[in-house]
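A.B. asks: Provided herewith is a single structure, encoded as structure tokens, for subsequent inquiry.
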Amino acid sequence: MWDAMGDRTRRAILERLAEHPCPVGELAAQLPVSRPAVSQHLKVLKETGLVSDETVGTRRIYRLNPAGVEALRDQLDMFWNRALANYGAAVREDAGSRDDQGHEPGIEPEIQSEKHTEKKKEKEKK
């Protein structure tokens, strides 16, 4: 699924299908690639489960597949939740390494204050 998302044209197709279902010809008219190329991209997206199609008369109408998009979203949520959990653990670890006044152990408060002042001056210069 993620491999399919790595292609710029496929992402553009998904963006357009998110707006509304449409046939290959309409998609091709909006993209800088040929109609056969769009068909090949749609085939890949369909194989990954991100796109589905239905025949309406003589045309095939493509649309986003809600189940495929939901699976993609679930994976993104999992990555995001892990990143937040790791960040929270790092913050707690950092907070646990400081004393009640927020000073790092083994470093004199005056030195820490000087470091803070130096960092503040550097930010102001930028």
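A.B. asks: If residue 97 satisfies all but one of (1) more than 19 Å from residue 8 (Cα to Cα); (2) polar (S, T, N, Q); (3) crowded, with 16+ Cβ neighbours inside 10 Å, what's the number of the condition it fails?
C.D. replies: (3)
Yes/no matrix, rows are residues, columns are (1) in a loop (DSSP other than H, G, I, E, B); (2) more than 20 Å from the chain's Cα centre (by Cα); (3) modelled with pLDDT of 95 or more:
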{"residue": "72", "(1), (2), (3)": "no, no, no"}
{"residue": "78", "(1), (2), (3)": "no, no, no"}
{"residue": "86", "(1), (2), (3)": "no, no, no"}
{"residue": "90", "(1), (2), (3)": "no, yes, no"}
{"residue": "94", "(1), (2), (3)": "no, yes, no"}
{"residue": "106", "(1), (2), (3)": "yes, yes, no"}
{"residue": "123", "(1), (2), (3)": "no, yes, no"}
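A.B. asks: Taking region 49-69, which residues are within 20 Å of the chain's Cα centre (by Cα), open to solvent by less than 40 Å² (accessible area, probe 1.4 Å) and β-branched (Val, Ile, Thr)?
C.D. replies: The answer is 51, and nothing else.
A.B. asks: Next question. Name, by its number, the condition in (1) under 14 Å from residue 14 (Cβ atoms); (2) part of a strand (DSSP E or B); (3) in contact (Cβ under 8 Å) with a residue 24 or more places away in the chain that does not hold for residue 42.
C.D. replies: Checking residue 42 against (1) under 14 Å from residue 14 (Cβ atoms); (2) part of a strand (DSSP E or B); (3) in contact (Cβ under 8 Å) with a residue 24 or more places away in the chain, the one that fails is (2).
A.B. asks: I need every pair where a residue in region 62-81 that is farther than 17 Å from residue 16 by Cβ has its Cβ under 8 Å from the Cβ of a residue that is of a type outside the set (Asp, Glu) and outside any helix (DSSP H, G or I), sequence separation at least 6 or different chains.
C.D. replies: 67/49; 71/1; 71/49; 75/1
A.B. asks: Answer with yes or no whether residue 32 is in a loop (DSSP other than H, G, I, E, B), free of Cβ contacts under 8 Å to residues at least 40 places away in the same chain and open to solvent by 70 Å² or more (accessible area, probe 1.4 Å). Spell out how you get there, then give the answer.
C.D. replies: Working: in a loop (DSSP other than H, G, I, E, B): yes; free of Cβ contacts under 8 Å to residues at least 40 places away in the same chain: yes; open to solvent by 70 Å² or more (accessible area, probe 1.4 Å): yes.
Judged against the criteria, residue 32 is a match.
A.B. asks: Select from region 36-48 the residues that are within 18 Å of the chain's Cα centre (by Cα) and more than 15 Å from residue 16 (Cβ to Cβ) and list them in ascending order. Steps first, please.
C.D. replies: Initial filter on region 36-48 (within 18 Å of the chain's Cα centre (by Cα)): 45, 48.
Hit for region 36-48 is 48, nothing else.
The values are calculated or read from the model by the stated rules, or taken from the named source; none is laboratory data. Note that the structure is predicted; figures quoted are calculated from it, not measured. Using ideal geometry, Cβ is built from the backbone for each residue, glycine included, and neighbour counts are taken over all protein chains shown. Protein only, heavy atoms only, side chains kept; ligands, DNA and RNA dropped before computing areas. Shrake-Rupley method; radii C 1.70, N 1.55, O 1.52, S 1.80 Å.
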